[in-house]
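The values are calculated or read from the model by the stated rules, or taken from the named source; none is laboratory data. Fair warning: this is a prediction, and the values are worked out from it, not measured in the lab. Counting neighbours? That spans all protein chains shown, and the Cβs are built from the backbone with ideal geometry, glycine included. We work out accessible area using only protein heavy atoms, side chains counted, and drop any ligands, DNA or RNA first. Shrake-Rupley method; radii C 1.70, N 1.55, O 1.52, S 1.80 Å.
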Amino acid sequence: MVELVPMHASFVTCAADPAAIDRLVEPAFAVALRVAPDEALVVADDAAEVLREASDLLAPVDPDAVVLDTTDGWAVIALEGDGAADVFARVSQVRLAPGIAQGEVGGVPAIVVAEPGRIVLVFSAMWREAVRERILADGAGLGILEPDGPRRWTPATEARP
C-alpha cells in the first residue's frame with residue numbers, strides 16, 4: 001500500500017554569495033536544502049523565525065543577500081509506504097538516494113527528498129493538482145491511497161545534503 005500524502009511546510013528562500021550560504025547554520029527548527037551554490041530553500045515550522053535568523057547570518061558576508069518567505073509558491077506531497085519507490089519510478093527517472101535530488105517528476109521540475117519510509121516531492125504550487133493526477137494515473141493498479149488531510153513536514157536529519 002502506498003499513500004499519496006499532501007504535506008504542509010513553511011519555506012524561506014535564501015539567495016546569496018556561496019560563502020554566505022555556507023554560513024547558513026541549520027537551526028533546530030529548520031533544515032536548509034541546498035538547491036544551488038548560491039541558494040538554499042529552508043524548511044521550517046515558522047517562516048518568520050527563519051527570516052530573521054537567516055538574514056542575521058547572511059548579511060555580514062553578503063549585504064545583498066535575499067531572504068524571502070516563499071511558502072505560498074511551493075507544494076509538497078509525499079509517497080509513503082511499501083511500493084513508494086515503484087510508484088515514483090513510473091513518474092520520474094530521478095535516481096533515488098538518501099538526501100536531495102532535483103529533476104522532473106511527472107513532467108514538472110521538482111526537488112526530491114528521499115527519507116526513510118517516504119519520498120517527498122517539492123515543486124511549484126501551480127503544479128500541485130497536475131502532479132497529483134499524474135501520480136494517480138501512472139500509478140493506477142498499485143493501490144495508492146489518499147489520506148483525508150495534510151501532514152506537517154520537516155525533513156528528516158538523513159535528508160540533509
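For the reader, a short list of remarks on this structure follows.
- Count - residues of the stretch 96-105 that are modelled with pLDDT of 95 or more and open to solvent by 10 Å² or more (accessible area, probe 1.4 Å): 2
- Which listed residue, of Gly149, Gly117, Gly139, is in contact with a Lys or Arg (Cβ under 9 Å, 6 or more places away or on another chain) and either closer than 17 Å to Gly83 by Cβ or at pLDDT below 95 (or both): Gly139
- Flag if Val67 is assigned to a strand (DSSP E or B) and buried (at least 19 other Cβ atoms within 10 Å of the Cβ): yes
- Among the residues examined, Ala140 does not qualify as out of contact with any Gly (no Cβ under 9 Å at 6 or more places or on another chain), closer than 19 Å to Ala32 by Cα, without any contact (Cβ under 8 Å) to a residue 40 or more places away in the chain and surrounded by fewer than 19 Cβ atoms within 10 Å (Cβ to Cβ).
- Enumeration of residues in the stretch 93-127 that are of a type outside the set (A, V, I, L, M) and assigned to a strand (DSSP E or B): Gly99, Gln102, Gly103, Glu104, Pro109, Glu115, Arg118, Phe123, Ser124
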